[in-house]
Amino acid sequence: MNQRRPKRPRRKDGNIITLKDYHEMWFNHDIHLEYRTLYFGSPGSSLDSDENEINAAAAERIIKGLLILEAEDAVKAITFIMNSPGGDCIHAMGIYDAIKAIKCPVVVKIFGHCMSAAAVILQAASERLISPNSSMLLHDGSAEVSGHPRDIERWSKWMKEDGKRMYEIFSSRTGKSPKYWEKKCERDLILTAQQALKEGLVDKIIKNEK
């Protein structure tokens, strides 16, 4: 028995919704379909700016962009340009998993800052690139927790487990043990592009052409 193909969504004027329409509805300047490029964080804005922070809204935009570009072509690479001081580790892990789940390779390029949770996202990339004057920051997770003592205890346990996952991710890409990264991240670990390359956190420093 032949099954009918599901109807494709249409605009109010009756025309089929295209990838360009999705682009206009969801992303504005955050995605460039023609060049298969996602942008997160503005190099000219303050690190305190919400547009650079990894949160629920940012994760939604990035994951939608990845899935739309995969639907358009599951073979061609996606370029993800990032400049971020980090943010919520749960949403960062969601972006990490999305990059790992899609079929097409994802090249992440750092221009500016790659800090905290952003450094975890970077490790999901097929190729990890950083500009010569960019910087990275790694550290152990932190949070302000209040409430019932048992709830605080459970959150503390969860944070330790979350830290272990982060160290295992760094270990999987650098060849250095999770214990090595746990020790390194006891306090803020600030790295230049050259130091990040030496540690194995990036694959290549982007060459200046001028």
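Values in this text are rule-based calculations from the coordinates and carry no lab data. Worth saying up front: this structure is predicted, and the values here are computed from it rather than measured. Cβ sites come from the backbone with ideal geometry, for glycine too, and all protein chains shown count toward neighbours.
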| query | Rounded to the nearest 0.05, what FRET efficiency is calculated for TYR35 and THR174 with R0 set to 22 Å and r the Cβ-Cβ distance? | reply | 0.15
| Contour minus Cα-Cα distance for GLU72 and LYS103 (0.36 nm per residue) | 10.0 nm
| field | DSSP-assigned coil residues among trypsin sites (Lys or Arg not before Pro) in the stretch 79-143, each with at most 12 further Cβ atoms within 10 Å | value | LYS103
| remark: In this structure, among LYS100/LYS204; LYS64/LYS176; LYS100/LYS207; LYS64/LYS210, pairs with alpha-carbon gaps over 31 Å are LYS64/LYS176; LYS64/LYS210
| query | Which GluC sites (Glu not before Pro) does the stretch 166-208 hold that lie in a coil by DSSP with at most 15 other beta carbons within 10 Å? | reply | GLU186
| query | By the gyration tensor of its Cα atoms, with a ≥ b ≥ c the square roots of the eigenvalues, what is the shape of the stretch 169-210: rounded for a/c under 1.5, prolate for a/b over b/c, or oblate? | reply | oblate
| Long-range amide H contacts for VAL106: which residues qualify at under 5 Å (H placed 1.01 Å from N, peptide plane, sequence gap of 5 or more or a different chain)? | ILE78, SER126, GLU127
| task | Quick one: which residues, 5+ away or cross-chain, put their amide H under 5 Å from the amide H of SER84? H built at 1.01 Å from N. | result | HIS113, CYS114, MET115
